[in-house]
1. What are the residue pairs meeting all of these: first residue in the stretch A:18-32, first residue more than 24 Å from B:Gly19 (Cβ to Cβ), second residue outside any strand (DSSP E or B) and among the aromatic types (Phe, Trp, Tyr), Cβ atoms under 9 Å, and 6 or more apart or on different chains?
2. Name the residue, out of B:Ala292, B:Ala325, that is assigned to a loop (DSSP other than H, G, I, E, B), aliphatic (A, V, I, L, M) and either touching a helix residue (DSSP H, G or I) at 6+ places or on another chain (Cβ under 9 Å) or within 17 Å of A:Lys59 (Cβ to Cβ) (or both).
3. Determine, yes or no, whether A:Ser57 is of a type in the set (S, T, N, Q) and buried (at least 19 other Cβ atoms within 10 Å of the Cβ).
4. Residue check: is B:Leu211 within 14 Å of another protein chain (Cβ to nearest Cβ), out of contact with any Ser or Thr (no Cβ under 9 Å at 6 or more places or on another chain) and not small (Gly, Ala, Ser)?
5. If B:Ala254 satisfies every condition in (1) within 28 Å of B:Thr269 (Cβ to Cβ); (2) surrounded by fewer than 24 Cβ atoms within 10 Å (Cβ to Cβ); (3) in contact with a helix residue (DSSP H, G or I) (Cβ under 9 Å, 6 or more places away or on another chain) but one, which is the exception?
6. If B:Phe265 satisfies every condition in (1) away from chain A (no Cβ under 14 Å); (2) more than 16 Å from B:Ile240 (Cα to Cα); (3) part of a strand (DSSP E or B) but one, which is the exception?
7. Can you spot a residue in the stretch B:330-337 that is closer than 12 Å to B:Ile286 by Cα and within 14 Å of chain A (Cβ to nearest Cβ)?
8. If you go through the stretch B:338-359 one residue at a time, how many are closer than 17 Å to B:Leu283 by Cβ, in a strand (DSSP E or B) and either within 14 Å of another protein chain (Cβ to nearest Cβ) or not charged (D, E, K, R) (or both)?
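Each value in this text was obtained by applying a stated rule to the coordinates, not by laboratory testing. Just so it is clear, the structure is predicted and the values come from calculations on it, not from any experiment. Glycine gets a Cβ as well: all are built from the backbone with ideal geometry, and neighbour counts include every protein chain shown.
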Amino acid sequence: MTIYFSEEHEWVSVEGDIATIGITTHAAEALGEVVFIEQQDAGETFDKGDEIGVIESVKAASELYAPVDGEITEVNGILTDEPAKLNESPEADAWIYKIKITDASQLDDLMDADGYKAFIA
Amino acid sequence: MSDMPKRTPLYDLHVELGGKMVDFAGWEMPVQYPMGIMGEHKHCREKAALFDVSHMGQVILRGENVAEKLEALVPSALTALPAGKARYTFFTNENGGIMDDLIVSNAGDHLFVVVNASMRHQDIPHMTANLEGVEVTEIFDRALVAVQGPKAVDVVGALCPAAVEMKFMETIVADILGTECRISRLGYTGEDGYEISIPEDKADEISRAFLGHDDCEPAGLGARDSLRLEAGLCLYGNDIDNDTSPVEASLNWAIQKRRREDGGFPGDTRILKDFADGTGRKLVGIKPLGRAPARGGVEVQSEDGTTIGSITSGGFGPTVGGPVAMGYVTTANAVPGEKVNLIVRGKAQPAEIIKLPFVQQNYKR
């Protein structure tokens, strides 16, 4: 398992051609208390940079962008009823999608943990 | 004017308390503290919260017949406002729109006026130019602190016993920790509470003393906005502006009988006509029935898909526990219980028109 990070403050945990994605702790703190998430359905396909969801905090709405090309294979439905999990556990329980990666070479454009740490410093 | 945001006398305290500072109307203000908007909001509804509102404009008006003169700029009755009482009103323009909303207090030998931070630059010259024989003095050396919530009476009363017996919309000058302050029992959260004008060099000390009370926590602009929205109170620039008449905005209560009969304020022709004939649109509460918040600018449609208005303020209401909004809809649809759709990111979300407020106001009448 390898974890990558995007400049849009998402984490991408890769095992084979399946990735689990979510938002980083840094993003969750910046958003403030999350009150709503709009997710797409399993089976949807998307290109890197496409909007694949919206997260609303008490302060504002923020788009979720696809870190790589892919297809949604699983949606974390718990977040619909418990959006606050995105603040409690953004990098574990509150994963947003599992996706099938269609172009693994795009992972090279993402950062590793140290790179992301430097990016947000 | 410098582009650097200005700091209030409580800036150091905000930073020390972990306030997340943002530029608001040219002022560096805390949007929230570590407790978070949701917690601060609930603390205010359940106990007491302290807000720095020093960015608002405090003004003294002094002169012969000053109340009568100010009535030429606002549609509320001021000449009969007794000493020690405050009243909500607004400057109107020639078209009957609202230039800003404000609180006017009769301080005995002068009027004490508080205007919005974002409109100070307009309101001060407006008063100076149009109030002949009135000395208009903008106060720069006093902080303004709001203590709001059901326990505000205990928090403020502990340092100022005279505040306890005051009623809603009363104002006094009284001593707090050896300093003369102006204390007014009012606010903009829907809760009981006070706004206290404090000399700048004592603002930090007195605010810390309020925060020293077990029931009082600091709250930022984020909670202030969600509190006023749940309480159905208009935010200038969102819900009321130069194009909205007070009658459209359901602010009829702020225009007393004599003024409705006699007029004598800017835009009176249109506003009196609005009273007589009604208006085409009305400001209403809008309750999204799902979980998605609908924010300012979102289109409101009737169930048959006709555009009937738009949202002017919307977000999440922590006390309501779900999304809340207000906005203008055509008068025919401005009926509590009316089902509408909100077009959020292209999708119709069901909502219902409600009678404001979302949370009952809790004033000390």
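1. Hits for this filter: A:Thr20/A:Trp95; A:Ile21/A:Trp95; A:Gly22/A:Trp95.
2. Values: B:Ala325 fails: assigned to a loop (DSSP other than H, G, I, E, B).
So the residue among B:Ala292, B:Ala325 that is assigned to a loop (DSSP other than H, G, I, E, B), aliphatic (A, V, I, L, M) and either touching a helix residue (DSSP H, G or I) at 6+ places or on another chain (Cβ under 9 Å) or within 17 Å of A:Lys59 (Cβ to Cβ) (or both) is B:Ala292.
3. On the way: of a type in the set (S, T, N, Q): yes; buried (at least 19 other Cβ atoms within 10 Å of the Cβ): yes.
Criteria met by A:Ser57.
4. Values: within 14 Å of another protein chain (Cβ to nearest Cβ): no; out of contact with any Ser or Thr (no Cβ under 9 Å at 6 or more places or on another chain): yes; not small (Gly, Ala, Ser): yes.
Taking the combined requirement at face value, the residue does not satisfy it.
5. It fails just one condition, (3).
6. Of everything listed in (1) away from chain A (no Cβ under 14 Å); (2) more than 16 Å from B:Ile240 (Cα to Cα); (3) part of a strand (DSSP E or B), B:Phe265 misses just condition (3).
7. Step one: list which residues in the stretch B:330-337 are closer than 12 Å to B:Ile286 by Cα, which gives B:333-337.
From the residues that got through so far, the ones that are within 14 Å of chain A (Cβ to nearest Cβ) too are none.
Scanning the stretch B:330-337, I find no residue that is closer than 12 Å to B:Ile286 by Cα and within 14 Å of chain A (Cβ to nearest Cβ), so the answer is no.
8. Number of matching residues: 5.
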